[in-house]
Amino acid sequence: MVDTVNTSIQTPSSDIILDVRNLKTYFGTGDKAVKAVDDISFKMMRGKTLCIVGESGSGKSVTARSILQIVDPPGKIMGGDVLYYGKDPKGQNLAQLHERSKEIRSIRGHEISMIFQEPMTSLSPIHTIGNQIMETILLHQNVDKAEARARAIELLRRVEIPNPGVAIDKYTFEYSGGMRQRAMIAMSLACNPKILIADEPTTALDVTTQAEILALIKELQTSYGMAVLFITHDMGVVAEIADEIGVMQNGKMLEFGSAEQIFYEAKNPYTLQLIDSVRKLETSARAARGSRATDKKLMEIRGVSKIYPARSTFMGKANPPFKALDNVSLDVFEGENLGIVGESGSGKTTLGNCVIRVLSCSGGEVLFRMADGRITDLAKAKTGELRQVHREIRMVFQDPFASLNPRMTIGQIVGEPLLVAGTHTGEALRKRTEELLETVGIPGAAMERYPHAFSGGQRQRIGIARALALNPRLIIADEATSALDVTLRSQVLDLLLDLQDKLSLSFILVSHDIGVIRYFCDRVAVMYKGQVVEHGPAMKICSAPDHPYTKALISAVPGTHPRDKRIVNRHRYDAEAQASGIKLGGN
Amino acid sequence: MSEENKQETAQVNMANLRGGIEYASQWQLMWARFRKHRVAYASMVLVALLYVVAIFAEFLSPFSPEDPSSRTVYQPPQVLHFDGFKPYVNKFTLTRDPVTLAPTYVKTDEKTYLEFFAKGYEYKMLGIWETNLHLFGPKEQGEKMFLFGSDKLGRDMLSRVIFGARFTLSMGLIGVILSTVLGIALGGVSGYYGGKIDWAIQRLVEFILSLPTIPIWLALASALPRNWPPHLVYISVTVIISLIGWTHLARVIRGKFLAMRGEVFVIAAKLDGCSEARVIFRHMLPSMASHVIAAVTLAIPSMILAETTLSFLGLGLQPPAISWGVLLKDAQKISVISNAPWLFLPGVMVVISVLAMNFFGDGLRDAADPYSH
């Protein structure tokens with residue numbers, strides 16, 4: 001889309017810091033080559049943020065890595081120019097430097113630095129954070145150790161790490177996920193880079209932490225005057241921070257323009273689809289479709305706790321017992337969609353697993369009203385009884401790749417519960433399996449295929465078909481959409497809602513994603529550190545929450561309108577900030 | 001169903017209705033991957049050939065391994081020549097040094113012609129029908145030739161190496177089967193149930209692994225009565241070797257079970273209502289089978305080496321049984337090594353077969369997980 005670039009950006013060339021022209025990066029050679037980056041051109045402006053957005057496999061990360069020539073083998077830059085105007089006003093072509101040459105090494109980390117998705121793996125576990133930052137400073141700048149240390153402390157202070165003088169001597173494992181990412185940013189800022197490349201830096205983080213990091217990057221960008229190349233799959237994040245946006249799919253740049261242009265005047269159908277699928281999750285499908293919730297109780301969760309007992313460590317010191325669930329009580333009504341939302345470690349997945357007895361509860365009752373009217377306490381049910389209940393309560397798992405046995409055909413996988421329950425055999429089993437697959441939109445003729453023949457979204461459908469096999473009454477969906485690309489996410493949610501209209505189903509949806517919860521659920525329970533801090537109707541919780549934690553959570557969710565700048569005006573929850581910080585000072 | 005759902009339905013490519021990668025089972029994927037590994041593939045062919053040799057030892061050996069001759073003691077190997085298409089070897093004559101009486105062999109111009117499907121000693125093919133046909137041998141019945149030389153009793157080393165393959169290779173296989181049964185049973189119980197059983201079995205494994213193997217083998221083997229017939233010794237030695245060999249397999253299998261117990265598809269199977277036995281045999285074991293086979297293949301070489309070691313030290317199989325270890329026992333003395341280095345040929349065979357099995361096992365292990373990169 002070279003013409004788009006030329007028409008949309010009418011700025012003098014002195015403002016351009018990086019000019020990528022017809023970049024091609026292929027994996028492999030010949031006809032079989034995978035064209036990860038296929039003829040891409042874009043320009044980056046000084047002091048501006050360029051977001052490259054795309055789904056998995058679109059080539060966005062490879063584009064970023066090609067700039068610094070750190071593409072994993074067998075990937076190779078096959079053509080094109082990467083002109084860098086930071087040092088030489090006439091431009092330096094990074095694509096033509098040898099990947100191990102002195103020139104490119106003086107650019108990497110010094111002129112252009114990069115932060116990655118996984119802060120755990122990019123930081124060394126055996127050196128202190130301070131040593132790692134100081135190494136970068138000593139490597140590229142001519143200063144002595146004391147000076148480097150002073151600068152490192154200053155950098156940690158700049159990235160808002162509390163008590164930097166003490167924190168500098170801590171090891172990686174003593175930092176939380178968000179603080180690690182801050183430390184990574186501090187390290188990348190060590191040499192005052194002119195460009196910061198951020199490759200999905202917030203994807204592994206909770207939404208409140210993500211908001212903190214995004215705000216930090218934004219603030220640092222203005223004070224340092226850096227250009228930022230931000231790679232993400234999340235349109236919400238894009239809306240918060242982008243000045244310019246490039247949309248990628250299958251190695252091609254489909255559309256390039258300013259944030260306003262892309263969000264309000266996008267022309268490419270794929271861009272529109274991306275934006276729509278995010279905007280869709282800002283509405284409630286339950287309100288649009290009409291809720292089918294009744295006031296008949298289906299399940300009553302009473303005072304459930306899950307406590308991992310204290311374990312003495314090697315030196316004889318005892319760790320305190322860990323309360324993963326602390327006296328949780330909730331009701332599920334027939335035909336209702338209950339959402340359980342929380343950040344990692346809040347106990348939401350543990351609750352889902354305790355309810356279906358994948359994990360046993362340490363205390364409390366899970367009363368389930370069976371189809372025949374009997375009430376069973378799942379927390380204490382025996383194996384035989386549990387097997388009966390498991391016909392009525394089913395589960396859809398998060399990871400569509402791990403949840404299907406790779407050694408069985410999808411027909412065998414979907415038919416397994418029917419076969420084991422003995423309800424269908426032979427031809428009847430085949431018919432019912434085919435029918436189930438058709439229900440979730442997989443052609444029945446594909447039932448002889450193995451799971452590897454299907455994409456992530458299709459596999460999740462197969463998982464749903466398996467859950468439906470025994471005509472369940474309650475389905476627990478544990479992060480069922482979080483492993484999927486955003487365009488597939490709403491499709492799978494719509495499928496579940498369609499099924500609910502046809503079959504009399506209730507759902508418990510466990511998710512960290514407020515958008516998914518808002519779209520899908522009637523009622524929401526917000527969990528924080530093993531406790532339900534607030535529960536109520538989804539619309540109320542998502543628009544006017546009462547509890548301060550919920551307020552912080554909701555306000556940290558990125559919006560879809562570039563003008564909103566929600567994150568700058570977000571709510572901050574102090575208890576959270578304290579809890580995620582490391583213990584500093586006296587031990 | 002909404003618009004989008006229909007769109008995605010259409011995306012399932014139904015072009016390949018039969019065959020093709022979509023219908024390939026795990027075994028087919030594994031095979032496709034294994035075949036790309038050239039060295040492993042060649043090794044597999046070699047291993048198969050070795051076992052064929054072991055099975056058809058009588059047919060492939062030109063002479064009886066127990067056919068002594070005082071006139072051919074320590075005769076050096078003869079080189080195969082071709083007269084047109086007719087293969088022949090030059091005859092050697094035995095002369096003695098008049099002073100030291102040391103035997104020396106002198107190459108002559110006389111030729112022993114060879115032919116395929118020659119007649120030789122009588123044997124039962126596969127233990128069923130009697131025949132005297134051999135793959136190759138001297139044209140004139142009663143003539144001799146020694147492609148691998150001869151031993152201290154003038155017996156043909158080639159025939160002896162071929163017969164040795166039968167004992168050594170079969171012992172590797174049977175030992176591994178015994179170890180696998182023990183390993184799967186104990187490792188599986190250990191990994192699936194965990195807890196105290198796991199603790200007990202793992203301590204047992206550690207105890208056995210901490211024992212110095214060779215002294216233990218020696219102690220056990222020397223406890224065997226000297227007057228036992230060869231086949232009983234053979235079985236006992238196999239059992240002794242596998243009593244120690246199962247520990248590594250048990251660890252591999254326990255590890256796999258532990259990893260698999262937490263796999264989401266196993267939890268899903270439990271929620272599907274599968275009984276414990278079905279979870280193990282229908283869902284867990286098939287997923288491990290390829291890894292187990294690879295581990296087993298890699299265990300055979302250590303069995304072969306164990307047998308060779310024991311027999312070499314004189315505590316495994318005893319003559320008249322023939323194994324590569326028994327044959328190597330003749331090559332213990334320095335005088336033998338200097339005068340008749342061809343007695344080391346069984347050792348070369350051990351190296352070749354162990355290497356081939358290691359490559360084969362490595363290839364299998366790499367192929368076992370089609371989703372790894």
- Carbon/sulfur accessible area of the range B:160-372, % of total, 1.4 Å probe, equals 73 percent
- Query: When the distances between all Cα atoms of the range B:25-145 are binned every 5 Å from zero, what whole-number percent does each bin get?
  - Reply: 2, 9, 13, 15, 14, 12, 10, 9, 7, 4, 3, 1, 1, 0, 0
- Query: Between the range B:147-172 and the range A:237-295, what is the C-alpha centre distance in whole Å?
  - Reply: 76 Å
- Message: Using only Cα atoms and rounding to the nearest 10 degrees, what angle (0 to 90) does helix A:486-502 make with the longest principal axis of chain A?
- Response: 10 degrees
- Which whole-Hz couplings ³J(HN,Hα) result when phi for each residue of the range A:451-457 is put into the Karplus expression 6.51 cos²θ - 1.76 cosθ + 1.60, θ = phi - 60°, listed in order with x for Gly and Pro? x, 5, 7, 10, 7, x, x
- Message: From the P(r) of the range B:181-222, could you give the percentage of C-alpha pairs in the tail past 15 Å?
- Response: 52 percent
- Item | Long-range amide H partners of A:Ile52 with built H, under 5 Å | A:Phe230, A:Ile231, A:Thr232, A:Gly246
- Any chance you could give the angle, 0 to 90 degrees and rounded to 10, that helix B:213-222 forms with the longest Cα principal axis of chain B? 60 degrees
- Query: Given H placed 1.01 Å from N in the peptide plane, which residues other than close sequence neighbours of B:Ser64 have an amide H under 5 Å from its amide H?
  - Reply: B:Tyr121
- A convex hull over the alpha carbons of the range A:435-572 yields, per residue, a volume in Å³ of 137 Å³
- Note on the structure: Given unit charges at Cβ for Lys, Arg (+) and Asp, Glu (-), the dipole magnitude of the range B:177-288 about its Cα centre in debye, nearest 20, is 20 debye
- Given charges at Cβ of Lys, Arg, Asp, Glu: chain A dipole, positive-most of A:Leu23, A:Ala453, A:Phe230: A:Ala453
- Query: In terms of the Cα gyration tensor, with a ≥ b ≥ c the square roots of its eigenvalues, is the range A:381-439 rounded because a/c is under 1.5, prolate because a/b exceeds b/c, or oblate?
  - Reply: oblate
- Message: Compute, for chain B, the length of the dipole vector about the Cα centre, with Cβ point charges of +1 (Lys, Arg) and -1 (Asp, Glu) only. Units Debye, rounded to 20.
- Response: 420 debye
- Excluding ligands, DNA and RNA, the carbon-plus-sulfur percentage of the accessible area of the range B:67-114 with a 1.4 Å probe reads 59 percent
- Query: By a straight-distance test (C-alpha under 16 Å), which lysines pair with A:Lys170 as possible cross-link partners, with residues fewer than eight away in the same chain excluded?
  - Reply: A:Lys583
- Query: How big is the shadow of the Cα convex hull of the range A:22-176, averaged over all directions, in nm²?
  - Reply: 11.3 nm²
- Item | Dipole of the range B:24-93 [Lys/Arg +1, Asp/Glu -1 at C-beta], most positive-end residue of B:Gln28, B:Ser70, B:Phe56 | B:Gln28
- Query: Which residues of the range B:244-270 show a drop of at least 30 Å² in accessible area when all protein chains are present, compared with their chain alone (probe radius 1.4 Å, heavy atoms only, ligands and nucleic acids excluded)?
  - Reply: B:Val264, B:Phe265, B:Ile267, B:Ala268
- Relative to the isolated chain, which residues of the range A:488-506 have their accessible area cut by 10 Å² or more in the presence of all protein chains (1.4 Å probe, heavy atoms, no ligands or nucleic acids)? A:Leu488, A:Gln491, A:Asp494, A:Leu495, A:Asp498, A:Lys502
- Query: Averaged over peptide A:447-456, how many Cβ atoms belonging to another chain are found within 10 Å of each residue's Cβ?
  - Reply: 4
- Distance in Å, no decimals, from the C-alpha centre of the range A:402-452 to the one of the range A:148-195 is 52 Å
- Task: Work from the charge dipole of chain B (Cβ charges, +1 for Lys and Arg, -1 for Asp and Glu, about the Cα centre) and give the residue of B:Ala118, B:Phe148, B:Phe85 farthest towards its positive end.
- Result: B:Phe148
- Scaled by the rule-of-thumb 2.2 N^0.38 Å, the alpha carbon Rg for the range B:128-185 gives a ratio of 1.70
- Query: In whole Å, what are the Cα extents of chain A along the three principal axes, biggest one first?
  - Reply: 79, 61, 44
- Starting at the first residue of the range A:57-67, write each ³J(HN,Hα) from the Karplus equation 6.51 cos²θ - 1.76 cosθ + 1.60 with θ = phi - 60°, in whole Hz, x for Gly and Pro. x, 7, x, 5, 5, 5, 4, 5, 5, 5, 4
- Using the heavy atoms of the protein chains alone and a 1.4 angstrom probe, what is the accessible area of the protein assembly as shown per residue in square angstrom? 45 Å²
- Query: From the phi of every residue in the range B:340-355, what ³J(HN,Hα) in whole Hz does the Karplus formula 6.51 cos²θ - 1.76 cosθ + 1.60 yield, where θ is phi - 60° and glycine or proline is x?
  - Reply: 9, x, 5, 5, 7, 3, x, x, 4, 4, 4, 4, 4, 6, 5, 4
- Message: Using helices alone, I'd like the mean residue ellipticity at 222 nm for the protein assembly as shown: each DSSP H run of four-plus residues gives -39500 (n - 2.57), total over residue count, nearest 500.
- Response: -14000 deg cm²/dmol
- Message: With a 1.4 Å probe and all protein chains left in place, how much of the accessible area of the range A:186-315 comes from carbon and sulfur atoms, in whole percent?
- Response: 52 percent
- iface B-A | buried accessible area, total | probe 1.4 Å | Å², round 100 | 3600 Å²
- 26 Å Cα-Cα threshold exceeded, pairs from A:Lys296/A:Lys502; B:Lys119/B:Lys333; A:Lys280/A:Lys540; A:Lys48/A:Lys267; B:Lys107/B:Lys152: B:Lys119/B:Lys333
- May I ask for the net charge around B:Ile174, where only other residues with Cβ less than 14 Å from the Cβ of B:Ile174 are counted and Lys, Arg are +1 while Asp, Glu are -1? 0
- Relative to the longest principal axis of the C-alpha atoms of chain B, give the angle of the C-alpha long axis of helix B:285-312, reported between 0 and 90° and rounded to the nearest 10°. 20 degrees
- For the range A:286-406, what is Rg from Cα atoms divided by 2.2 N^0.38 Å, rounded to two decimals? 1.25
- Query: Amide H to amide H under 5 Å from A:Asp331: which residues, 5+ apart in sequence or cross-chain, H placed 1.01 Å off N in plane?
  - Reply: A:Ile301
- Item | Dipole magnitude of chain A about its Cα centre (Cβ charges: Lys, Arg +1; Asp, Glu -1), debye to nearest 20 | 920 debye
- For chain B, what is the convex hull (Cα atoms) projected area averaged across all directions, in square nanometres? 28.1 nm²
- Distance between Cα centroids, the range A:45-65 to the range B:226-250: provide it in whole Å. 63 Å
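The values are calculated or read from the model by the stated rules, or taken from the named source; none is laboratory data. Everything numeric here is computed off the predicted structure, so don't read it as measured data. We place every Cβ from the backbone using ideal geometry, glycine too, and count neighbours over all the protein chains shown. SASA here: full protein model, heavy atoms, side chains in, ligands and nucleic acids out. Shrake-Rupley method; radii C 1.70, N 1.55, O 1.52, S 1.80 Å.
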